[in-house]
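Take a look at the structure set out below.
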Amino acid sequence: MKRVLSVASEAVPLVKTGGLADVVGALPGALAGQDWNMRVMIPAYRGVLDRIGRDNPVWGAPDFFGGAARVFLGAVGDVEVLALDAPHLFDRAGGPYSDMWGDYGDNAERFAALSWAAAEIARDGVGGWKPDLLHAHDWQAGLAPAFLKYWGVGLPSVLTIHNMAFQGRFGPARIGAMRLPPEWFHREGYEFWGDISTLKAGIMAADAVTTVSPRYAEELMRGEFGMGLEGVMQARASVVHGILNGVDTTVWNPETDPAITPYSAGKLAPRLKNRKALLAEFGLDPKLPGPLAILVSRLTPQKGIDMIPEAIGDFVAGGGGLAVLGTGDAWAEGMMHEVAARYPGRVGLRIGYDEGLSHRMFAGADVVLVPSRFEPCGLTQLYGLRYGCVPVVAGVGGLADTVIGATPATEAAGAATGVVFHPVDGLALRQALRRTLALYADKAGWTAMVKRGMKADWGWGRSAARYAALYEQLVAR
Ligand code: ADP
């Protein structure tokens, strides 16, 4: 079995703020079937060592970015974890990147340290385990492939971009503190418009760059989505690959989900129980005549939720309802409160993060809204497909790659699995919701669409095979 070291700032079930954690946590299991042994390296944030144990220290450095550091090998479930314990950097009361006062002031050093330790372990191995390849995720680990390159280590590396919006940009005064070699502060290295960018460093240094959908891979080469790094992506185009994320089908399975009344594509009737319970849970009209839509999302500009107030009126007037679960920016939470207050009994809101509730929502609602302005892959539309909750999505990134929008042609061909709108603006969303009302009114057509979505396979199998093929190609070079 070949070996790969995966390095990231979050991994399910230890720490999660978004889809990145789902992917990092799921890949080891998915790759095991492809004959690749993956270990996951993350920071030992507060509480992590309580979960994975302190019995097996495998690496240490007495003076590491301002304090002592060790790496412990442990496991959660079947996932082997290497946790970087550096209390001066990671043992904090807040979240992985910030606390109630904002981003930590030393994120540059914190994630340079993670990347440095990962690069050392990739180069030297630990306890007889030596990887054949390094796989780094996002800006937090972007320097890991870069350090390998700067040190002249020939080990192959992959960088996956889960979200181009976060680029690890810091002022050049941090070069020393991040242990970056000054001679690489130029456009072929980690320099970006006079700053450091750890994401750019990784994109330039890795042997292959992947992103989480084919469409997003193309979008990143354009100014509209590249967020300033489009030129860098174009320069690396020959090594860029789009590989869709999968869904953990043991956690997301309507036939066995303990949070709901189970059902399947062949036996949809119990779904109505979930719908009824969901309407009650959100205090919505128990006799809601039209489709019940949900939004399960971070409440931030990326997710396009600012379009909801202008788009939802017609939908509600046409008999629809909306249940929202999310947390995020204060303005967005306030805006959602206002929308809920405007349509009592029709729009319900829960501010917070709640996995169990999210399961009940996918199992009971008719429609999941994903109006993102950009979406690298997106998971909620996939949960929706699997749970018979029809996705209504913006035609960008992974949303465009995974949902087949209802058009006269796709309907005639019996292929549609949702509604896709473009351009991404309030008017287009409003029209998409009107179209949804019309589709829902045709019960037979709607049920056929629901079943089609449920039957598609969004498990990790296909994606894992693609990662494995990429790894093989790089290792063989
Ligand atoms: P992103 O990573 O940009 O937030 P994704 O769609 O890739 O978007 O992944 C988001 C993940 O977080 C999904 O698993 C989604 O169900 C979950 N999620 C987001 N907000 C909430 C919430 N408030 N409660 C429960 N789960 C949530």
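We did not get these values from a lab; they are worked out from the coordinates using the rules stated. In this text, all values refer to a predicted model and were calculated from it rather than measured experimentally. Reconstructed Cβ throughout: ideal geometry from the backbone, glycine too, with neighbour counts over all protein chains shown.
A Cα-only calculation for the stretch 338-464 places Rg and Dmax at 14.7, 46 Å.
What the Cα atoms of the stretch 207-279 give is an Rg and a Dmax of 20.1, 53 Å. For the chain, the Cα-based Rg and Dmax, in that order, read 22.8, 68 Å.
For the stretch 155-228, dividing the convex hull volume of the Cα atoms by the residue count gives 97 Å³ per residue.
Of the peptides 133-144, 397-408, 29-40, 88-99, the ranking by mean beta-carbon count within 10 Å, highest at the top, reads 133-144, 397-408, 29-40, 88-99. Placing +1 on the Cβ of every Lys and Arg and -1 on the Cβ of every Asp and Glu, with nothing else charged, gives the stretch 215-358 a dipole about its Cα centre of roughly 520 debye. Where a ≥ b ≥ c are the square roots of the eigenvalues of the C-alpha gyration tensor, would you call the stretch 50-113 rounded, which needs a/c under 1.5, or, failing that, prolate if a/b is larger than b/c, or oblate? Since a/c reaches 1.5 but b/c is at least a/b, the shape of the stretch 50-113 is classed as oblate.
Note on the stretch 209-255 and the stretch 121-158: Cα centroid distance 21 Å, given to the nearest whole angstrom.
Using the average count of surrounding beta-carbon atoms within 10 Å as a protection proxy, the listed peptides 355-368, 244-257 rank, highest first, as 355-368, 244-257.
The alpha carbon centroids of the stretch 337-407 and the stretch 92-108 are separated by 29 Å.
Each Lys and Arg contributes +1 and each Asp and Glu -1, all at the Cβ; summed about the Cα centre of the stretch 410-463, the dipole is approximately 120 debye. Between the listed residues PHE170, MET233, ALA32, the Cα displaced farthest toward the positive end of the dipole of the chain, a dipole computed from Cβ unit charges relative to the Cα centre, is found at ALA32. When +1 charges are put on Lys and Arg Cβ atoms and -1 charges on Asp and Glu Cβ atoms, the dipole computed for the chain relative to its Cα centre reaches about 1100 debye. Beyond 20 Å, the tail of the calculated P(r) for the stretch 83-215 holds 44 percent of the Cα pairs. For the stretch 215-361, the orientation-averaged shadow of the C-alpha convex hull comes to 11.4 nm² (one quarter of the hull surface).
Kindly provide log₁₀ I(q)/I(0) values, in the same order as q = 0.31, 0.32 Å⁻¹, from the Debye equation applied to equal alpha-carbon scatterers of the stretch 338-378. Once normalised to I(0) and log-transformed, intensities are -1.08, -1.07.
If you plug the beta carbon distance of VAL58 and VAL239 into 1/(1 + (r/R0)^6) with R0 = 35 Å, you get a FRET efficiency near 0.65. Considering only ALA208, ILE52, LEU382, and ranking their Cα positions along the charge dipole of the chain that arises from unit charges at the beta-carbon of Lys, Arg, Asp and Glu, the one farthest toward the positive end is LEU382. Distant-in-sequence amide contacts of TRP59, defined by a placed amide H-H separation under 5 Å and a gap of 5 or more residues or a different chain, comprise VAL71. Eigen-decomposition of the gyration tensor built on the alpha-carbon atoms of the stretch 429-477 gives equivalent ellipsoid semi-axes of 41, 14, 5 angstrom, largest listed first.
Close Lys pairs in the chain (alpha-carbon distance under 16 Å; sequence gap of 8 or more, or different chains): 8. Sorting 410-419, 115-124 by their mean Cβ neighbour count within 10 Å, with the most densely packed peptide first, gives 115-124, 410-419. The Rg/Rh ratio of the stretch 22-161, with Rg taken over Cα atoms and Rh as the Kirkwood radius over Cα pairs, comes to 0.94.
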